[in-house]
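One structure is given here, and the rest of the page talks about it.
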Amino acid sequence: MHATLAQRHDAMRRMLWHHRQQPKRLKINEALPPNTALSSLATAIARAHAAYGCKEAAVVFVVQPDERNVNDQQLLRHEIFESHGVDVLFRTLAQIDQEGKLEGPKRKLLLDGKEISVVYFRAGYTPDDYPTSRQWNARLMIERSHAISCPSLSVHLAGTKKVQQELARPGELERFVSAGDAAELRQVFAGLWSLSGPERAEDDAPEHERDAAAAMSAARSSPDGFVMKPQREGGGNNLFGQDLAKALSDMSRSQRSAYILMQRIFPRASPALLVRNGEIHRGEAVSELGVYSTFLRTHSGRVVLDQVAGHLVRTKLLGVNEGGVAAGFAMLNSPLASLKGRKKQG
């Protein structure tokens, strides 16, 4: 997720500005928006721990067996303990299956006898995380337990590409927001279509099936304007260009239904110097801004916490299709706030 590194990255920017004799043409406190990703995420997990109601319980981070994001996770663990006094454990799903059990009518989750208040998933988002029944057993144990999950199963599913595509269908957003807000939200939506329908829709077929069939036809003839996305997280899983066109031609209806089709976004490029493994890469680059938020509610629906929790910028050289940082396609960056083009007040 890299949220903790994003906050440290902004701190590094401030340090470099200071060591460059604080150049006057860049007012760092105005140009660099504050980023509280690390402290905000730690606070949210601590609030969930407090809501659970057992001070002696611990938080468990669910991680992969050969975890690569160790630094990011350890920073968050340190912040949770130092600022809130909450213990954090690290376990794989297989270890949870081996050590875990549910106790009592409330189904308290115990790991080697230690009660768990919050389960924070840093793994469990891809099929590769469930190679055997042990991992599935662990996930079932967690979901049946009294521990608070982050994310909850419903939120986990809501983050999938398929749910995003379904929310883009006419009438779906209006189930959650007003018609006016839904119209404004759709103005910034890229095109999203299901691939589970027929390649050629009948004239009397539902509108969304006709639209999806037309989008599939356009993607086969002009694949550079589209991207096929599976229900996966991280970089390296999407299909672009001729790979996309071939997949649409070769896949069965059942196979392609595991993907959605999305209109490709072409952001404005800017010159950049990117550093990876000590090497400088120069060229035109594009960036993506993600905003974190934290949300906690009770079973009754009372909202305990709902706030913005910092941000992350990922930058990659123009022509690189994928965008994952851990996967090696993009680099962490910081946004630069600008007053250029802003209308003067009064």
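The values are calculated or read from the model by the stated rules, or taken from the named source; none is laboratory data. The structure displayed is predicted, hence computed values, not measured ones. Note that each Cβ is placed from the backbone with ideal geometry, even for glycine, and that neighbours are counted across all protein chains shown. Surface accessibility is based on the protein's heavy atoms, side chains included, excluding ligands, DNA and RNA. Shrake-Rupley method; radii C 1.70, N 1.55, O 1.52, S 1.80 Å.
With the contact rule set at Cα under 8 Å and sequence spacing of 6 or more, what percent relative contact order holds for segment 147-296? Could you put the intermediate results ahead of the total?
On the way: 170 pairs, mean separation 31.8, N = 150.
After rounding, I find 21 percent.
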Notebook entry, point to check: Can you list the equivalent-ellipsoid semi-axes of the chain, largest first and in whole Å, using the square root of 5 times each Cα gyration tensor eigenvalue?
Noted result: 34, 31, 21
Margin query: Once ligands and nucleic acids are excluded and a 1.4 Å probe is used, how much of residue 331 is accessible, expressed in Å² to the nearest 10?
Written below: 30
Margin query: Under 5 Å between amide hydrogens, which residues at least 5 positions from residue 310 or on another chain qualify, with H placed 1.01 Å from N in the peptide plane?
Written below: 36, 292
Margin query: Suppose we look only past 19 Å in the calculated P(r) of segment 59-155. What percent of the Cα-Cα pairs does that tail hold?
Written below: 38
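To the nearest 20 debye, what charge dipole does the chain have about its Cα centre, counting +1 at the Cβ of each Lys and Arg and -1 at the Cβ of each Asp and Glu? Display every interim value, and only then the final one.
On the way: 46 positive and 38 negative charges, 258 e Å.
The dipole of the chain has a size of about 1240 debye.
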Next item on the list: Specify which residue in the list 307, 167, 223 is farthest towards the positive end of the charge dipole of the chain, using unit charges on the beta carbon of Lys, Arg (+1) and Asp, Glu (-1), about the Cα centre.
Entry: 307
Next item on the list: Just list whichever of 162/246; 162/229; 161/229; 55/114; 161/316 have alpha carbons separated by over 19 Å in the model shown.
Entry: 162/246; 161/316
Checklist line | Distance-filtered residues of segment 4-21 - backbone nitrogen under 18 Å, label point 7 angstrom along residue 82 Cα→Cβ | finding: 4-15
Note to self: Can you give me the solvent accessible area of residue 56 with a 1.4 Å probe, rounded to the nearest 10 Å²?
What the structure shows: 130
Next item on the list: For residue 112 and residue 302, calculate 0.36 nm times their separation in residues minus their Cα-Cα distance, and state this gained length in nm to one decimal.
Entry: 65.1 nm
Check: Can you pull the accessible area of residue 224 for me, 1.4 Å probe, Å² to the nearest 10?
Finding: 100
Checklist line | From phi via Karplus (6.51, -1.76, 1.60), per-residue ³J(HN,Hα) for segment 268-280 in Hz, x at Gly/Pro | finding: 5, 8, 9, x, 8, 10, 10, 10, 9, 6, x, 9, 8
Checklist line | Probe 1.4 Å, all protein chains present, accessible-area order of 49, 18, largest first | finding: 18, 49
Next item on the list: Compute the Kirkwood hydrodynamic radius of segment 181-289, taking the inverse of the mean of 1/r over all pairs of distinct Cα atoms, and give it in Å to one decimal.
Entry: 16.0
Notebook entry, point to check: Which order do 149, 217 take when ranked by solvent-accessible area (1.4 Å probe, heavy atoms of all protein chains), largest first?
Noted result: 217, 149
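What FRET efficiency, computed as 1/(1 + (r/R0)^6) with R0 = 41 Å and r the Cβ-Cβ distance, is obtained for residue 68 and residue 172, rounded to the nearest 0.05?
Details: r = 36 Å, r/R0 = 0.88.
E(calc), rounded to 0.05, equals 0.70.
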Check: Can you run phi through the Karplus equation (6.51, -1.76, 1.60; θ = phi - 60°) for segment 244-259 and list ³J(HN,Hα) in whole Hz, with x for Gly and Pro?
Finding: 5, 4, 5, 4, 5, 7, 8, 6, 6, 4, 5, 5, 6, 5, 6, 10
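Could you size up the charge dipole of segment 118-242 around its Cα centre, putting +1 on the beta carbon of Lys and Arg and -1 on that of Asp and Glu, and report it in debye to the nearest 20?
Details: 14 positive and 17 negative charges, 140 e Å.
That gives a dipole near 680 debye.
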Margin query: Quick check: with the 1.4 Å probe, what order do 61, 81, 329 take by accessible area, largest first?
Written below: 81, 329, 61
Next item on the list: Name the long-range amide H neighbours of residue 90: under 5 Å, sequence gap of 5 or more, or other chain; modelled H, no Pro or chain starts.
Entry: 61
Notebook entry, point to check: Between rounded, prolate and oblate, where does segment 235-276 land on the alpha carbon gyration tensor, with a ≥ b ≥ c its root eigenvalues, rounded for a/c under 1.5, else prolate if a/b exceeds b/c?
Noted result: prolate
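Using a 1.4 Å probe on the protein heavy atoms, what percent of the accessible area of the chain belongs to carbon and sulfur? All intermediate terms of the calculation are to be shown ahead of the outcome.
Details: 10580 of 20680 Å².
Carbon plus sulfur share of accessible area: 51 percent.
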Notebook entry, point to check: Hey, what D do you get for segment 100-246 in µm²/s if you plug the Kirkwood alpha-carbon radius into Stokes-Einstein at 37 °C and 0.692 mPa s?
Noted result: 176
Check: Short version: ³J(HN,Hα) in whole Hz for each residue of segment 213-220, in order, from phi by Karplus 6.51 cos²θ - 1.76 cosθ + 1.60 (θ = phi - 60°), x for Gly and Pro, what are they?
Finding: 5, 5, 5, 4, 5, 5, 5, 5
Notebook entry, point to check: Based on the Cβ-Cβ distance from residue 153 to residue 253, what FRET efficiency comes out when R0 is 25 Å, to the nearest 0.05?
Noted result: 0.35
Item checked: the chain - accessible surface per residue (Å², probe 1.4 Å) -> 60
